[in-house]
Amino acid sequence: VLEARLNSMLKEEGSENQSEVAPRVGIIMGSDSDLPVMKDAARILDMFGVSNEVQIVSAHRTPELMFSYASSARARGIQVIIAGAGGAAHLPGMVAALTPLPVIGVPVRASTLDGIDSLLSIVQMPRGVPVATVAVNNATNAGLLAVRMLGVGDADLLARMSQYQEDTRDDVLKKAEKLQK
Ligand code: RP5
């Protein structure tokens, strides 16, 4: 049921996720309730042509799956992991403890505390176990940061990132110009 929901949501978004190509980025989240936020990361990666996979992996509800996912990710060819969770958001940190790969954490606003709980749970990592934390609910930036990380060893990808930045700038300038008229 979960997989069907996942695939149909990603299909609605036009995402080519779960493709035949070996995924370079693993997008994981604690619950299917995180998907409306986390699908933005998949959308960005698809836009840049970066293969990715999306899975539900919970630190608390499926700890064995979290362990096997994180400890096998590198051998499967994953290069960056994006992990989103809300509340007592332990998933990104635990995954970072289990893999040498870079982990990007997305605090999901999931509770009555407006996402502050998720943000602090993810960002306050102990020395030695880094998680690159983006803003609350900002899975778009997680996708963009993954592209930049992969771009260090992929000139084409980095060129696409530069183009994206130029497009973003032009977009803002156009809007500013319109306002002045
Ligand atoms: C976390 O608990 C998940 O990442 C989610 O953000 C939050 C609530 O999960 P559900 O109760 O909606 O499944 O583990």
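The numbers here are math on the coordinates, done by the rules we state, and not lab data. Quantities reported herein were computed from a predicted structural model and do not represent experimental measurements. We place every Cβ from the backbone using ideal geometry, glycine too, and count neighbours over all the protein chains shown.
Of all residues in the stretch 56-81, those satisfying the criterion of being touching a residue at least 40 places away in the same chain (Cβ under 8 Å) and more than 11 Å from GLY30 (Cβ to Cβ) are TYR69, ALA73, ARG76, GLY77, ILE78, GLN79, VAL80, ILE81. Each residue in the stretch 23-51 was checked for being closer than 21 Å to ALA73 by Cα, of a type in the set (Val, Ile, Thr) and within 16 Å of the ligand (Cβ to nearest atom), and 2 pass. Scanning the stretch 61-81 for residues that are away from the ligand (no atom under 15 Å from the Cβ) and in a loop (DSSP other than H, G, I, E, B) returns ALA73, ARG74, ALA75, ARG76, GLY77, ILE78, GLN79. Is it fair to say GLY84 is buried (at least 23 other Cβ atoms within 10 Å of the Cβ), under 15 Å from the mean Cα position of the chain (by Cα) and either touching a residue at least 40 places away in the same chain (Cβ under 8 Å) or assigned to a strand (DSSP E or B) (or both)? For GLY84, the condition - buried (at least 23 other Cβ atoms within 10 Å of the Cβ), under 15 Å from the mean Cα position of the chain (by Cα) and either touching a residue at least 40 places away in the same chain (Cβ under 8 Å) or assigned to a strand (DSSP E or B) (or both) - is met. Among the candidates VAL172, VAL129, VAL136, which residue alone is touching a helix residue (DSSP H, G or I) at 6+ places or on another chain (Cβ under 6 Å), over 22 Å from GLN55 (Cα atoms) and of a type in the set (Val, Ile, Thr)? Just one listed residue meets the conditions, VAL129.
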